[in-house]
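The values are calculated or read from the model by the stated rules, or taken from the named source; none is laboratory data. Quick caveat: nothing in here was measured; it's all calculated off a predicted structure. Ideal geometry is used to build each Cβ from the backbone, glycine not excepted, and the neighbour counts take in all protein chains shown. What goes into the accessible areas is simple: the full protein's heavy atoms, side chains included, and nothing from ligands, DNA or RNA. Shrake-Rupley method; radii C 1.70, N 1.55, O 1.52, S 1.80 Å.
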Amino acid sequence: MFASLASRSLRNKGSIIWFSSFNLSRFAHSLPFATVKAEEVSGSQPAEVLNLVQGNWTSSSSWNTIPDPLNGESFIKVAEVNAKEIHPFVESLSRCPKHGLHNPFKAPERYLMLGDISTKAAHKLALPEVTDFFAKLIQRVSPKSYQQAFGEVYVTQKFLENFCGDQVRFLARSFAVPGNHLGQQSHGFRWPYGPVAIITPFNFPLEIPLLQLMGALYMGNKPILKVDSKVSIVMEQMLRLLHDCGLPLEDVDFINSDGITMNKVLMEAKPRMTLFTGSSRVAEKLAVDLSGRIKVEDAGFDWKVLGPDVQQEDYVAWVCDQDAYACSGQKCSAQSMLFIHENWSKSSFLEKLSGLATRRKLDDLTVGPVLTVTTQAMLDHLNKLLKINGSKLLFGGEVLQNHSIPAVYGAIKPTAVYVPLEEILEEENYDLVTKEIFGPFQVVTEYKHNQLPLVLKALEKMHAHLTAAVVSNDPLFVQEIVGNSVNGTTYVGLRARTTGAPQNHWFGPAGDPRGAGIGTPEAIKLVWSCHREVIYDVGPVPQNWRTPQPT
């Protein structure tokens with residue numbers, strides 16, 4: 001689901017960059033919460049991931065063995081709960097009342113407690129040895145460059161800083177409106193759902209689950225958290241850090257299971273709300289199963305439009321390379337389709353983009369394993385696109401060489417394929433061209449000045465509306481694109497990007513009443529609380545009041 005803030009945050013955190021150049025594995029001994037050493041997790045020293053339910057860390061009757069995405073060795077054992085073992089989780093969630101663990105009328109001291117926990121956790125996560133621990137643990141399970149992994153930890157730490165002290169209780173700020181007579185006032189409150197569920201994917205194993213988990217807790221809910229088993233070790237360790245900062249063990253349940261078992265948990269426990277981040281297909285199934293009690297941040301086929309004003313080619317090419325290929329394209333905000341104005345086609349932009357893409361290599365994980373799409377599936381998709389009239393390969397389209405990435409994962413060079421705009425809009429081509437490939441893969445097209453209506457038509461036909469970018473400083477051009485599109489997180493201007501998910505602005509889709517945001521107070525209140533109106537009507541009753549005739 002998310003962007004790297006690496007380049008910006010690394011400039012701002014020079015001391016941490018300096019620290020990261022050293023071998024910090026010795027610090028694992030001094031991390032009181034950690035049960036693993038990130039750099040030592042391997043086939044010869046496999047790590048174990050447990051479950052947390054009713055305040056106890058527990059195992060299960062079976063273990064799911066996770067292959068190392070870089071060499072295929074079995075390097076993590078996850079205690080996955082099966083369908084016969086879900087009762088403690090169902091019971092735990094069922095114990096939480098609909099009015100939550102706290103609300104404005106109940107246990108308000110918990111708002112202060114969670115603000116204090118956020119303060120302590122933010123401090124711990126800012127320590128160089130803790131930052132390095134989580135960055136390297138992320139790299140082990142979801143391979144990306146150190147800068148990208150560091151950016152994820154940095155955003156998470158800044159989020160926790162944002163909700164220190166009184167900021168948690170400010171999330172529950174209410175309002176009052178004068179009534180019709182003396183003694184009457186209506187008050188609007190933010191109210192928790194009570195028992196809730198959080199399901200998150202592999203690509204941001206710390207940022208997505210932690211931000212949503214803390215938002216759920218802040219508003220008074222009791223969550224059960226399920227993270228993709230391939231990366232759940234990261235959040236298991238983060239939960240241990242939170243416990244070390246004072247979070248009660250009973251406040252969060254943590255489950256490892258396959259999708260079928262988790263679906264059974266949801267159907268039996270009946271959480272009042274479920275937050276799902278992941279594929280659109282699964283989101284639609286859950287929406288039916290859960291009778292619509294769901295918030296969704298689903299797949300994103302994200303677009304970028306380069307406007308007519310060509311400038312700063314090197315910078316724009318660099319952003320496009322980062323948007324499409326950082327984290328090997330495994331972001332729900334990754335640039336999937338690039339619309340280039342004919343003026344850019346006449347420049348050296350595409351040549352520069354190709355040059356930047358070819359710099360990426362497996363050695364530093366600036367390109368790496370694709371965890372949900374195989375190499376063959378990506379190449380098959382490329383070959384189907386190349387059969388469209390006028391299409392051509394711009395660069396890439398080849399498998400990575402000299403590696404030991406297991407065949408269950410994908411491994412291709414950063415790839416871009418050109419498809420003519422008119423062909424994209426053909427009914428027989430559109431679904432194929434706009435199919436999301438969760439890897440280092442993008443579609444590029446060109447439009448002439450009088451073809452902007454065709455671009456807008458292509459945008460209107462898309463079904464996913466997560467992120468977008470309009471690269472132009474022409475205010476009228478920007479106005480035209482923004483006014484005729486709907487993506488929930490849209491960057492505009494010369495420095496516009498698609499992969500922006502920091503802690504300081506809303507990140508989430510638009511155009512869907514189920515859409516879920518992340519990171520900001522508005523996102524937390526929208527996703528993790530509902531509105532409750534309490535009308536005070538205490539009198540006095542007028543002295544001359546008499547029982548009226550029935551109406």
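Which sequence of Ile535, Ile233 reflects their accessible areas, 1.4 Å probe, from the largest down? Can you show the working numbers first?
Values: Ile535 100, Ile233 0 Å².
Heavy-atom accessible area, descending, gives Ile535, Ile233.
Taking a probe of 1.4 Å, how large is the accessible area per residue of the chain, in Å²? Let's see the in-between values first.
Values: 22400 Å² over 551 residues.
So the chain comes to 41 Å² accessible per residue, rounded to a whole number.
Suppose we look only past 44 Å in the calculated P(r) of the chain. What percent of the Cα-Cα pairs does that tail hold? Walk me through the numbers on the way to the answer.
Values: 29785 of 151525 pairs.
Roughly 20 percent, once rounded to a whole number.
Please work out how much accessible surface Ser257 shows to a 1.4 Å probe, ignoring ligands, DNA and RNA, in Å² rounded to 10.
That residue has around 0 Å² of solvent-accessible surface.
Quick one: compute the contact order of region 146-198, relative version, from alpha carbon pairs under 8 angstrom and 6+ residues apart, as a percent. Could you put the intermediate results ahead of the total?
On the way: 24 pairs, mean separation 12.0, N = 53.
Normalised by residue count, the contact order of region 146-198 is 23 percent.
Give the whole-number value, in cubic angstrom per residue, of the convex hull volume spanned by the C-alpha atoms of region 451-551.
Working: hull volume 24.1 nm³, N = 101.
It comes to 238 Å³ per residue, whole-number rounded.
Cross-link list Lys226/Lys285; Lys270/Lys331; Lys435/Lys461; Lys37/Lys230: which exceed 22 angstrom alpha carbon to alpha carbon? If you can, show how the numbers build up before the last one.
Numbers: Lys226/Lys285 17 Å; Lys270/Lys331 30 Å; Lys435/Lys461 12 Å; Lys37/Lys230 17 Å.
The answer is Lys270/Lys331.
What is the angle, in °, between the Cα long axis of helix 280-289 and the longest principal axis of the Cα atoms in the chain? Nearest 10 is fine, range 0 to 90.
Approximately 30 degrees, to the nearest ten.
In the chain, if the dipole is taken from +1 on Lys/Arg beta carbons and -1 on Asp/Glu beta carbons about the Cα centre, which of Leu382, Leu127, Thr445 is farthest to the positive end?
The residue sitting most towards the positive pole is Leu127.
Highest first, please rank the peptides 465-471, 481-487 by the mean number of other Cβ atoms sitting within 10 Å of their residues. Don't skip to the answer; put the middle values down first.
Numbers: 465-471: 27.6, 481-487: 16.7.
Ranking, from highest mean packing down: 465-471, 481-487.
Give me the angle, in degrees from 0 to 90, between the Cα long axis of helix 128-141 and the longest principal axis of the Cα atoms of the chain, rounded to the nearest 10.
For 128-141 against the chain, the angle is about 60 degrees.
Going from most exposed to least, what order do Trp545, Trp57, Trp303 have by accessible area with a 1.4 Å probe? Display every interim value, and only then the final one.
Working: Trp545 140, Trp57 65, Trp303 5 Å².
Ranked from most to least accessible, the order is Trp545, Trp57, Trp303.
Longer than 32 Å from Cα to Cα, which of Lys77/Lys124; Lys384/Lys457; Lys264/Lys304 are they? Say none if no pair is. Please report the intermediate quantities before stating the final value.
Numbers: Lys77/Lys124 27 Å; Lys384/Lys457 23 Å; Lys264/Lys304 39 Å.
Long pairs (Cα-Cα over 32 Å): Lys264/Lys304.
Keeping all protein chains in position, work out how much accessible area Thr65 exposes to a 1.4 Å probe, and write it in Å² to the nearest 10.
Rounded to the nearest 10, the figure is 60 Å².
Any idea of Lys120's accessible area? Nearest 10 Å², probe 1.4 Å.
90
If one takes the longest principal axis of the Cα atoms in the chain, at what angle in degrees, from 0 to 90 and to the nearest 10, does the Cα axis of helix 207-218 lie?
Result, in degrees: 10.
Quick one: pull the percent of accessible area on the chain belonging to carbon and sulfur, 1.4 Å probe, ligands and nucleic acids left out. Spell out each step's value before the answer.
Working: 11720 of 22400 Å².
Percent of accessible area from carbon and sulfur atoms in the chain: 52.
Pairs of alpha-carbon atoms within less than 8 angstrom and 6+ residues apart define the contacts here; what relative contact order does the chain have, in percent?
Values: 1155 pairs, mean separation 96.7, N = 551.
Result for the chain is 18 percent.
Under the definition of Cα pairs under 8 Å and six or more residues apart, what whole-number percent is the relative contact order of region 476-551? Numbers along the way, then the final one.
Numbers: 54 pairs, mean separation 13.7, N = 76.
Relative contact order for region 476-551 comes out at 18 percent.
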